[in-house]
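Take a look at the structure set out below.
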Amino acid sequence: MASENEHQLGDFVKGRFLFIEETCKKGGRDLDEAVAEIKSECLRLAASPERRQIIEKKLFSGAVLPSSTLPDWVDKVFLEAMSRVLSPPGASPITNSSRNPCLAFESGRFNAKRQAATVFRPFFAGKKPAQWVMKDFPIIYRQCYGPEVAKTLTVEEIGPGRCRVTMNNHGLEKASVLDCSTAVGYLYGALEATGAKEPLVTHTTCGLIAGGRSGGPCVFELSWREEGGAK
């Protein structure tokens with residue numbers, strides 16, 4: 001069983017490795033060199049011998065299974081290292097809107113669409129956008145982060161083709177403004193996977209601004225065009 005500082009993040013981490021592979025392929029970059037750079041950055045960010053050992057053994061040695069539990073900080077370090085190494089020069093590392101994608105956004109988007117066809121397929125298959133957001137996203141969130149963290153999640157349907165997702169990840173070691181950009185991408189990719197037309201995801205309120213000192217909730221506004229209707 002995972003401790004309070006570990007959660008079932010194995011498939012998300014696996015998805016990050018697959019995203020790195022796809023990004024390198026599209027950009028004509030050597031995969032082994034990119035992974036070596038990301039590993040080096042992870043080890044630097046880990047900042048202690050104990051954490052560096054975990055990076056070596058749990059992240060870059062052996063297989064990461066979908067059911068694997070990992071310390072929350074591992075995902076935070078991995079995402080930051082990946083973003084630093086793979087982001088184009090001068091690109092913003094974060095975003096608050098799907099209109100302005102960044103590397104972390106694209107990573108989340110990739111993972112949502114991949115999981116919709118694989119490990120979380122039962123939660124996506126045949127679902128309409130509002131149905132997935134209201135009923136299935138909370139199940140996925142609970143499965144990955146556990147019941148205590150899931151208590152902070154609220155999802156509201158605020159009109160046709162409009163939902164609001166509120167979560168408070170302030171107590172999670174993986175929480176960061178960069179991770180919020182991944183959440184924007186994941187929600188956007190999930191809307192695409194459920195057939196939403198012209199989806200838009202906006203991170204309207206961030207509880208992690210100023211290095212996480214505010215401690216408030218994060219709010220994400222989702223909208224899409226309903227069939228035969230306006231957005």
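Taking 8 Å as the Cα distance limit and 6 or more residues as the minimum spacing, I'd like the relative contact order of the chain as a percentage. If you can, show how the numbers build up before the last one.
Values: 382 pairs, mean separation 48.8, N = 231.
So the answer I get is 21 percent.
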Quiz item: Hey, what angle do you get for helix 72-86 against the long axis of the chain, alpha-carbon based, 0 to 90 degrees rounded to 10?
Solution: 90 degrees
Quiz item: Tilt of helix 177-193 relative to the longest C-alpha principal axis of the chain, in degrees (0 to 90, nearest 10)?
Solution: 50 degrees
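Take the Cα pairs of the chain, get the Kirkwood Rh, then feed it into Stokes-Einstein at 37 °C and 0.692 mPa s and tell me D in µm²/s. Write down the numbers at each step before the final one.
On the way: Rh = 18.0 Å.
It diffuses with D of about 183 µm²/s by this estimate.
Normalise the Cα radius of gyration of the stretch 103-225 by 2.2 N^0.38 Å (N = residues in it) and let me know the number.
Details: Rg = 13.5 Å, N = 123, 2.2 N^0.38 = 13.7 Å.
Normalised Cα radius of gyration, the stretch 103-225: 0.98.
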Self-check item: For K197, distant residues with modelled amide H under 5 Å away
Solution: R225
Self-check item: the stretch 6-86 - Rg (one decimal) and Dmax (whole number), Cα, Å
Solution: 12.0, 35
Quiz item: Hey, what angle do you get for helix 10-27 against the long axis of the chain, alpha-carbon based, 0 to 90 degrees rounded to 10?
Solution: 80 degrees
Exercise. Identify all lysines with a Cα-Cα distance to K197 below 17 Å; exclude those on the same chain that are fewer than 8 residues away in sequence.
Key: K113, K127, K128, K231
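Scanning the chain for GluC sites (Glu not before Pro) in DSSP loops with at most 15 other Cβ atoms within 10 Å, what's the longest stretch left with none?
5-226
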Exercise. Whole Å is fine, so just give me how far the alpha carbon centre of the stretch 11-30 lies from that of the stretch 44-68.
Key: 18 Å
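Lys and Arg at +1, Asp and Glu at -1: add these up for the other residues within a Cβ distance under 14 Å of L178 and post the number. Each step should come with its number before you reach the end.
Values: positive: R16, K76, R84, K174; negative: E41, D72, D75, E80, E106, E173, D179.
It works out to a net charge of -3.
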Quiz item: With a sphere of radius 15 Å drawn around the Cβ of L31, what net charge do the other residues whose Cβ falls strictly inside it have (Lys, Arg +1; Asp, Glu -1)?
Solution: -1
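Bear in mind that the values in this text are calculations on the coordinates, not laboratory data. Note that the coordinates shown come from a computational prediction; the quantities given were computed from them, not determined experimentally. Note that we place each Cβ from the backbone using ideal geometry, even for glycine, and neighbour counts take in every protein chain shown.
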